[in-house]
Structures are given as structure tokens and as C-alpha cells.
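The structure appears below as C-alpha cells.
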Amino acid sequence: MPLLPEPPARSHAVVVGGGTMGADVAVVLARGGCRVTVVETRAEARDRLPAHLAAELAPLGLAARAARVQAVAALGDVAWADVALVIECIPEQLPLKQALFAELERRAPADTLLASNSSSFPISAIAQGLASRARMAGLHFFMPAHLVPLVEVVMGPDTDDAGAQALCAFMRGCGSVPVLVRKDLPGFLANRLQHALAREAFALVDAGVASAEDVDAAVRFGFGFRFLAAGPVLQRDHAGLDVHCAAAATMYPSLARNTEPARALQDRVAAGRLGMKTGAGFFDWPAERRDAERRRYDALLRRGLDLLADELPPLDRTALDDTP
């Protein structure tokens, strides 16, 4: 399988879906200098894209790279001959994704890598019955995709290893931090770790051990604060494996082993309290408070990126930014 060109500035990538996630993925690709075509059926989403790109690339000193992104209304409007990578960012409905990838198999050149940003469906399910399974992989970003450095490259049982490795290298060229997930498990890598923590957190809320506010504070200002400097494995080397092993032997028997979501979650979902998008979740979110919280959240993520700048993959700034 031919590998993705390096640096990304030599590549043409297609993002299918120009909603919140797709627009942010376009920012990630553009900051690497990639030429990007965003396929989005909604005219209003296409119209919003240039301003979003300019706003997010300008602080990086890369505003000119916004010109390397164009938006089109349909797959038939894409110049497919030189497309090296397709990233699917459409709604989380398996039949929709399967139909899209069947069409991509027909339209994209045989050496184009086909990737899905799905957070719930394994790439093996999306690729079922297709002849191009070897060139398909999961490429899972985290919201907001242009501020959270991590991206998961997820291999299905038929994914070509060289193609997956090339995808990792390509994403590093875009300034992201890729992790290679070699088994197509539900939740991949990061969400499995995140849900393991969430299961215990919500079980503690259910049991009345602590409030939702105190659970959040324990993570953000305790061990979660240290995660900016070292993940859970390296942290254990800092603290001593013997200490961790002894603590684990004491705590593991009493940790949550629920096989269904916590009552604190189920009750709120049943009541329509889904979080910011409905105006209430664990907390109440009138519009003014919601907007202020999103500004605070994004600002802290940006400051975190500044702290990690020396450990993030460098961006290629030698690409010709005046050539779309």
C-alpha cells in the first residue's frame, strides 16, 4: 500500500462532514499545510468554515493556510485523482457510515487511506463487506479536535500495518499526538480509560460518598493535575510500583464493577437533562453561563497547549502558504 506523502503539505485530504468536529479536523489538517476539501451538504455550515479556519489558525501564525481549505456540497464535487486521505466525520449512525464508505471505495483512488472519526463503531463494522478493508482505519479525535492533541489511529483486523504507521506519521506532521491502537475494542484506548474513571466517579456519586462538584475537584486538582506532566504508567514509576501495588490490593476489591451506567446518569438522561445542549445536566446551564463556561474551558485548554508546547510534534512552517 502506498504511504501518505510527507510532509502533509504535499497531500490532498478530504473531510466528509463539516459540522463541529469536521470543521475542527479541517483546522488540524490545514495547520499541517495540507490541502483540504470539506464535503458538507448544508450551505450554512460551508459558509461558516472560512471564518472558523481563520480564527483558529491566526494565533498559530498560520492564517494563510486557511486558503488551502475549500468546501463543496457533494462527493461528486471533489477532485479525487490526488486524494491521499479521507476522514469521515458524519453522524454516529452505522448504516450511514457503511453506505458512505461503500461510495468512497468506488470514488477514491486505490491507494487512498480511508479513515473514520467514529467514537463508537469499530472500523471492522464500518468496513464489513468492503474490498478496501486493508486501507481503512479509525482516526478518532477528541473535542475540540484542534485543541486536544491526541488522536487515536485504530486498526481493524484487516488494516494494513504500514498504512496505520503512515497515518500516525501524517498526524504528527499536523501537530497532533497519535497513539496506535492495535485491537479494535469498544472505546478504543482513551475512552476505555476515561470510562473506567467515570464508572467509579458516578458510582461514588450514587453512593453518596461525594458530590459531583467534589468528584470533579478531586480529579482536576489532585491526580488529574499531575496527568499534564505524566500519564498513569509514568506516574507509578515516579511514586514507586510497590506503593501502587499495595494500594491496588487494598482498593481493587471495593471498586465499582457496574455493567450498566450509574443511576445518577440514567435518571438525568430519562429526565432530558443531557448537559449544556439541553440547558441542564448535573448543573444548570442557562445560555449566559453555558457560553462563559465554554470560553473558560477553551482558554484553559489553550494554556495547557502552551505548557506542553515543547513536547508536541513541531509543525512544518516551510510549506508555501500562498499556494492553495
How much area per residue is accessible in the chain when the probe is 1.4 Å and only protein heavy atoms are counted (Å²)?
-> 53
Apply 1/(1 + (r/R0)^6) to the Cβ-Cβ distance of F223 and T318, taking R0 = 41 Å, and write down the FRET efficiency to the nearest 0.05.
-> 0.55
222 nm mean residue ellipticity, helices alone, for the chain (DSSP H n ≥ 4; -39,500 (n - 2.57); rounded to 500) = -12500 deg cm²/dmol
Given Cβ charges of +1 for Lys and Arg and -1 for Asp and Glu, the option among A58, F188, A287 whose Cα lies farthest towards the positive end of the dipole of the chain is A287
For L193 and A81, what does the FRET efficiency come to when R0 = 45 Å and r is the distance between their Cβ atoms, rounded to the nearest 0.05?
-> 0.65
Grab the other residues whose beta carbon is less than 15 angstrom from that of A131, score K and R as +1, D and E as -1, and report the net.
-> -1
Distance in nm between pseudo-label sites at D111 and L301 (7 Å out along the Cβ direction from Cα) = 3.5
Charges only on Cβ, +1 for Lys and Arg, -1 for Asp and Glu: so what's the dipole of segment 161-262 about the Cα centre, in debye to the nearest 20?
-> 340
Mind giving me the FRET efficiency for E103 and A280? R0 is 30 Å, r the Cβ-Cβ distance, nearest 0.05 is fine.
-> 0.15
Sorting T259, T278 on solvent-accessible surface, 1.4 Å probe, most exposed first, gives T259, T278
Share of the chain's accessible area from carbon and sulfur, percent, 1.4 Å?
-> 58
Using alpha-carbon coordinates alone, the radius of gyration and Dmax of the chain in Å work out to 21.0, 61
9 Å beta-carbon shell around P178, net charge (K/R +1, D/E -1) | 0
Would you work out which of V72, V83, L130 lies farthest towards the positive end of the dipole of segment 55-166, given +1 charges on the beta-carbon of Lys and Arg and -1 on that of Asp and Glu, about the Cα centre?
-> V72
Subtract the Cα-Cα distance of M251 and L308 from 0.36 nm times their separation in residues, and report this length gain in nm to one decimal.
-> 17.3 nm
Take the Cα coordinates of segment 174-247, assign each an equal point scatterer, and use the Debye formula without solvent to give log10 I(q)/I(0) at q = 0.19, 0.20 Å⁻¹.
-> -1.07, -1.13
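The values are calculated or read from the model by the stated rules, or taken from the named source; none is laboratory data. Since the structure is predicted, the reported quantities are computational estimates derived from the model, not experimental observations. Heads up, the Cβs are rebuilt from the backbone with ideal geometry, glycines too, and the neighbour counts pull from every protein chain shown. These accessible areas exclude ligands, DNA and RNA; they are computed on the full protein's heavy atoms, side chains included. Shrake-Rupley method; radii C 1.70, N 1.55, O 1.52, S 1.80 Å.
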